Amino acid sequence: MDGSMSRITHGLVVGATVLGGILAGGNVERAIVHMPAWRHVGAPAWAAFSREADLGNGLIVYPLEAIGGAVLSIAAAITYHFDRSAPRTAAFPIYAAATMVAGGMLATTQAAPIMLSLRQPSNDSITLQRAFDGFEFWGGVRGVFQILAFGANLWSLVALLRPSTHPVLGWIAHGR
């Protein structure tokens, strides 16, 4: 097989890594900075903010990042499977990335309805606290999968671009 399949696989992994990095960074920030602050100021303030952010521009940006990254990771795994010139050392991280994005998407099926339930304004603090707690849990589960997917994509990229297997990097490393 010619190098075109490898170029496609590499391009998909690069794209998945970039989108995954954006998601991973956002998840770390949300878990370490945002959610503890929201827990302190309370569920009603979180709900009001989420209506403007997550249910505002977030309705476009977050699905594009998550679905785009998932599609790229899964497409990379598929093209890798048929790419006989790709290094076999990349198999585990590429397939792990596809598995992790699938896990993230499954967790999103639990987190997203909770967020979408905030569309209906409510002043019921018990309902809002329940939504906050549920979103914090499922958003955390989703975040772990997305962070692991980013790590696996990064590992895939390194495995694919190892100097001994990459023509340009091999030339630089070996002075040829």
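The values are calculated or read from the model by the stated rules, or taken from the named source; none is laboratory data. Since this is a predicted model, take the numbers as computed values, not measurements. Cβ placement follows ideal geometry from the backbone for every residue including glycine, while neighbour counts extend to all protein chains displayed.
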Inset, instruction - Starting from segment 18-47, take each residue that is closer than 30 Å to Trp155 by Cα and list its partners that are of a type in the set (Asp, Glu) and in a helix (DSSP H, G or I), counting only C-beta distances under 6 angstrom and pairs at least six apart or across chains. - result: Leu19/Glu65; Ile22/Glu65; Leu23/Glu65; Met35/Glu136
Inset, instruction - Could you grab me the full set of residues in segment 83-93 that are of a type outside the set (Gly, Ala, Ser) and either in contact with a Gly (Cβ under 7 Å, 6 or more places away or on another chain) or modelled with pLDDT under 95 (or both)? - result: Asp83, Arg84, Pro87, Arg88, Thr89
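Kindly establish whether Arg51 is modelled with pLDDT of 90 or more, within 23 Å of the chain's Cα centre (by Cα), more than 30 Å from Ala152 (Cβ to Cβ) and not acidic (Asp, Glu).
Details: modelled with pLDDT of 90 or more: yes; within 23 Å of the chain's Cα centre (by Cα): yes; more than 30 Å from Ala152 (Cβ to Cβ): yes; not acidic (Asp, Glu): yes.
Yes, satisfied.
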Inset, instruction - Report whether or not Ala149 is in a helix (DSSP H, G or I), in contact (Cβ under 8 Å) with a residue 40 or more places away in the chain and aliphatic (A, V, I, L, M). - result: yes
Legend entry - The listed residue being surrounded by 15 or more Cβ atoms within 10 Å (Cβ to Cβ), of a type in the set (Lys, Arg) and touching a helix residue (DSSP H, G or I) at 6+ places or on another chain (Cβ under 9 Å), out of Arg142, Arg119, Arg84: Arg142
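Return the only residue of Val33, Val18, Val61 being of a type in the set (A, V, I, L, M, F, W, C), under 30 Å from Gln129 (Cα atoms) and under 13 Å from the mean Cα position of the chain (by Cα). Give the derivation first.
Details: Val33 fails: under 13 Å from the mean Cα position of the chain (by Cα); Val18 fails: under 30 Å from Gln129 (Cα atoms).
Only one candidate passes the filter, namely Val61.
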